[in-house]
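Accompanying notes for the structure given below.
The values are calculated or read from the model by the stated rules, or taken from the named source; none is laboratory data. Given the structure is predicted, the values throughout are model-derived calculations rather than measurements. Virtual Cβ from ideal backbone geometry, glycine too; neighbours counted across all protein chains shown.
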Amino acid sequence: MSGRDSLESLTMDREVSSTSSLSPPHLGVESETARKEAAPHPFKVAYLVNQYPKVSHSFIRREILAIERQGVPVERIAIRGWDAEVVDADDISERARTRHALKDGLPPILKATWRALLANPGQFAKALREALRLSRGAERSAPYHLMYLAEACLILEWIRAAGVSHVHAHFGTNSAEVAMLVHMLGGPAYSFTVHGPDEFDKAHALHLDKKIGRAKFVAAVNSYCRAQLFRRACLADWSKIKVIHCGLEEDFRAAAEEPPPTKRRLVCVGRLCEQKGQLILLEAFARLQSKIGECHLVLAGDGEMRAEIESRIAALGLKKSVTITGWISSAAVREEILAAEALVLPSFQESLPVVIMEAMALRRPVISTYVAGIPELITPGETGWLVPAAAITPLVQAMEECLSTPADTLQRMGETAYRRVIERHDIDVEAAKLVRLFESKTVPDEIEEWQS
């Protein structure tokens, strides 16, 4: 195993992005905020992600670009991802603008660690003790956490040279730990966004309470996510946990309205994994087809369960009526959504999938489950259908009702869905909230009210 391979194994990605689709529609329409001349800004932010860019992290790219439209320069820093396969031109561009801590191997990291130790032995010792404490009860042993400390030493030099005033990480995993260690080594304040659901399952092992305690603030992507963080955080830290939604670009407002087709076609967009419930969907779809006859289901995505899903498709006799696309571009995702009467996402566990927002913005109703933050956006009978998770019969009924609904009714539901998602998930509005928190000397000491 090479030195670089060893480094990669120490920083394997723990960030399962349940909140994202394959990638977002991008129609190239300039937003109203982007058209405004942004004045030079004395404040600079660094975004820190374990892997960037990444196909399933398009929502991070959107957020970074929206922050820059607010006039705030953003330094992009990732642990790895310089050699990841990406299909969107925007991701290829972002890769060229991102610094990767492991790209040049171990020597720069060791040199930066030695310099940090010599520059301030006391601070280094405190950060070292914290890294070792975070290894207790964690999924990964102490050597991994020592590696996070070493990465923090290198990243600290980068952000000091760039004049960064604040570090923001995505996910409460190792990226948040590195941001915290950068702060403890003398770097600027940090914050991080929590998406869930994996972070909630592993909250104790990830020491979320400690990361929240030292952070300036924490962004939760919906109210359900915030509630899960309340469970883990000290009461004194509740007020620093703020709801910042994943946002959709202004592009969606300019997207031409396309009435839903009448092809008896449904699409499920997402990673092929246990959380998304594709195996239950196949069982329900087989029953649906036996009741109503010919219809088609597209599984847009790829993932670790593909072989099992393909085997189940064959066992159920669905080879002619179910298509798996594999990973596809943002434009292809958009076309698949528009070619279907509705998006169906029978998730077992989620936070709030970005693909639901995207489908609603494209004026398609959604069939999904009463799970986590999903009911915060979908209103049954108005913007789609909600069913209990892992319940086959209600899922069959919802799909049958959708495919038998008149086209004009589906179109009205799509319009209602569009208005709701645009009101709640404007990327520039959400970016402005982040910028205010980045720049503020203190975070408002109050618990936010629910915004319906």
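Looking at PRO346, PRO394 in this structure, which one is closer than 21 Å to LYS291 by Cβ and buried (at least 24 other Cβ atoms within 10 Å of the Cβ)? Let's see the steps before the verdict.
Numbers: PRO394 fails: buried (at least 24 other Cβ atoms within 10 Å of the Cβ).
Of the residues listed, the single one that is closer than 21 Å to LYS291 by Cβ and buried (at least 24 other Cβ atoms within 10 Å of the Cβ) is PRO346.
Suppose the filter is touching a His at 6+ places or on another chain (Cβ under 8 Å), closer than 29 Å to PRO406 by Cα, in the same structural domain as ILE280 (by TED's automatic domain parsing) and crowded, with 22+ Cβ neighbours inside 10 Å; does VAL322 pass it? Break it down into steps so the answer makes sense when it comes.
Working: touching a His at 6+ places or on another chain (Cβ under 8 Å): yes; closer than 29 Å to PRO406 by Cα: yes; in the same structural domain as ILE280 (by TED's automatic domain parsing): yes; crowded, with 22+ Cβ neighbours inside 10 Å: yes.
Here the answer is yes, as VAL322 does meet what is asked.
Here is a list: ARG136, ARG129, ARG69. Which entry is of a type in the set (Lys, Arg) and either touching a Gly at 6+ places or on another chain (Cβ under 8 Å) or farther than 19 Å from ARG214 by Cβ (or both)?
On the way: ARG136 fails: either touching a Gly at 6+ places or on another chain (Cβ under 8 Å) or farther than 19 Å from ARG214 by Cβ (or both); ARG129 fails: either touching a Gly at 6+ places or on another chain (Cβ under 8 Å) or farther than 19 Å from ARG214 by Cβ (or both).
Of ARG136, ARG129, ARG69, the one residue that is of a type in the set (Lys, Arg) and either touching a Gly at 6+ places or on another chain (Cβ under 8 Å) or farther than 19 Å from ARG214 by Cβ (or both) is ARG69.
Which of (1) modelled with pLDDT of 95 or more; (2) within 15 Å of CYS268 (Cβ to Cβ); (3) touching a strand residue (DSSP E or B) at 6+ places or on another chain (Cβ under 8 Å) is the odd one out, the single condition VAL396 does not satisfy?
Among (1) modelled with pLDDT of 95 or more; (2) within 15 Å of CYS268 (Cβ to Cβ); (3) touching a strand residue (DSSP E or B) at 6+ places or on another chain (Cβ under 8 Å), VAL396 violates only (3).
When the stretch 55-94 is examined, which residues are found to be surrounded by fewer than 18 Cβ atoms within 10 Å (Cβ to Cβ) and among the β-branched types (Val, Ile, Thr)?
Of everything in the stretch 55-94, those that are surrounded by fewer than 18 Cβ atoms within 10 Å (Cβ to Cβ) and among the β-branched types (Val, Ile, Thr) turn out to be VAL87, ILE92.
Pick from GLU310, GLU382, GLU335: which is modelled with pLDDT under 95, surrounded by fewer than 17 Cβ atoms within 10 Å (Cβ to Cβ) and not small (Gly, Ala, Ser)? Explain how you work it out, then say what you get.
Working: GLU310 fails: modelled with pLDDT under 95; GLU382 fails: modelled with pLDDT under 95.
Going through GLU310, GLU382, GLU335 in turn, the sole match is GLU335.
Here are the criteria: (1) within 22 Å of SER223 (Cα to Cα); (2) of a type in the set (D, E, K, R); (3) without any contact (Cβ under 8 Å) to a residue 24 or more places away in the chain. Tell me which single one GLU335 does not satisfy.
GLU335 satisfies all of (1) within 22 Å of SER223 (Cα to Cα); (2) of a type in the set (D, E, K, R); (3) without any contact (Cβ under 8 Å) to a residue 24 or more places away in the chain except (1).
In the stretch 256-286, how many are surrounded by fewer than 16 Cβ atoms within 10 Å (Cβ to Cβ) and assigned to a loop (DSSP other than H, G, I, E, B)?
Total satisfying the criteria: 7.
From the list GLY196, GLY137, GLY187, GLY122, which one is closer than 28 Å to ILE241 by Cβ, free of Cβ contacts under 8 Å to residues at least 40 places away in the same chain and assigned by TED's automatic domain parsing to the domain that holds ALA431?
On the way: GLY196 fails: free of Cβ contacts under 8 Å to residues at least 40 places away in the same chain; GLY137 fails: free of Cβ contacts under 8 Å to residues at least 40 places away in the same chain; GLY122 fails: closer than 28 Å to ILE241 by Cβ.
None of the other options fit; the residue is GLY187.
Just the residues that are among the hydroxyl-bearing types (Ser, Thr, Tyr) and under 17 Å from LEU279 (Cα atoms), please, taken from the stretch 359-415.
Step one: of the stretch 359-415, the residues among the hydroxyl-bearing types (Ser, Thr, Tyr) are 368-370, 379, 383, 393, 404-405, 409.
Result: SER368, THR369, THR393.
Please specify each residue of the stretch 341-395 satisfying the condition of being within 19 Å of LEU299 (Cα to Cα), part of a helix (DSSP H, G or I) and of a type in the set (Val, Ile, Thr).
Within the stretch 341-395, VAL354, VAL355, ILE356, ILE392 meet the criteria.
Within the bounds of the stretch 365-375, is there any residue that is under 21 Å from the mean Cα position of the chain (by Cα) and on the phi > 0 side of the Ramachandran plot?
First, pick out the residues of the stretch 365-375 that are under 21 Å from the mean Cα position of the chain (by Cα): 366-375.
From what's left, on the phi > 0 side of the Ramachandran plot: 372.
Taking every residue of the stretch 365-375 in turn, at least one turns out to be under 21 Å from the mean Cα position of the chain (by Cα) and on the phi > 0 side of the Ramachandran plot.
Condition check: assigned by TED's automatic domain parsing to the domain that holds ALA342 and surrounded by fewer than 17 Cβ atoms within 10 Å (Cβ to Cβ). Does GLY293 satisfy that? It would help to see each step written out before you state the result.
Working: assigned by TED's automatic domain parsing to the domain that holds ALA342: yes; surrounded by fewer than 17 Cβ atoms within 10 Å (Cβ to Cβ): yes.
Yes.
Residue by residue through the stretch 407-445, note down the ones that are assigned to a helix (DSSP H, G or I), aliphatic (A, V, I, L, M) and surrounded by 14 or more Cβ atoms within 10 Å (Cβ to Cβ). Talk me through it step by step, then tell me what you get.
Initially, the stretch 407-445 is screened for residues assigned to a helix (DSSP H, G or I), giving 407-424, 427-439.
Okay, now just the ones that are also aliphatic (A, V, I, L, M), so 407, 410, 413, 417, 421-422, 427, 429, 431-432, 434-435, 437.
If the condition is that a residue be assigned to a helix (DSSP H, G or I), aliphatic (A, V, I, L, M) and surrounded by 14 or more Cβ atoms within 10 Å (Cβ to Cβ), then LEU410, MET413, ALA417, VAL421, ILE422, ILE427, VAL429, ALA431, ALA432, LEU434, VAL435, LEU437 are the ones that fit.
When only residues in the stretch 287-314 that are assigned to a helix (DSSP H, G or I) and in contact with a helix residue (DSSP H, G or I) (Cβ under 9 Å, 6 or more places away or on another chain) count, which is farthest from VAL87 (Cα to Cα)?
First, the residues of the stretch 287-314 that are assigned to a helix (DSSP H, G or I): 287-292, 306-314.
Applying the additional criterion that residues be in contact with a helix residue (DSSP H, G or I) (Cβ under 9 Å, 6 or more places away or on another chain) yields 287-288, 291-292, 308-309, 312-313.
Numbers: ARG287: 36, LEU288: 34, LYS291: 39, ILE292: 37, GLU308: 25, ILE309: 24, ARG312: 29, ILE313: 27 Å.
Looking at the filtered set, the residue picked out is LYS291.
How about the stretch 92-129: which of its residues are touching a helix residue (DSSP H, G or I) at 6+ places or on another chain (Cβ under 7 Å) and within 16 Å of GLN51 (Cβ to Cβ)?
GLU94, ARG99, ALA101, LEU102
List every residue pair whose Cβ atoms sit under 7 Å apart, with the two residues 6 or more apart in sequence or on different chains, where the first one lies in the stretch 235-246 and is not assigned by TED's automatic domain parsing to the domain that holds CYS225 and the second, anywhere, is surrounded by 21 or more Cβ atoms within 10 Å (Cβ to Cβ) and among the acidic types (Asp, Glu).
Qualifying pairs under 7 Å: none.
Any chance you could count how many residues in the stretch 185-212 are farther than 19 Å from ARG231 by Cα and touching a Lys or Arg at 6+ places or on another chain (Cβ under 6 Å)? Can you show your working first?
Narrowing the stretch 185-212 to residues farther than 19 Å from ARG231 by Cα: 185-190.
When the remaining residues are screened for being touching a Lys or Arg at 6+ places or on another chain (Cβ under 6 Å), the result is 189.
Going through the stretch 185-212 one residue at a time, the tally reaches 1.
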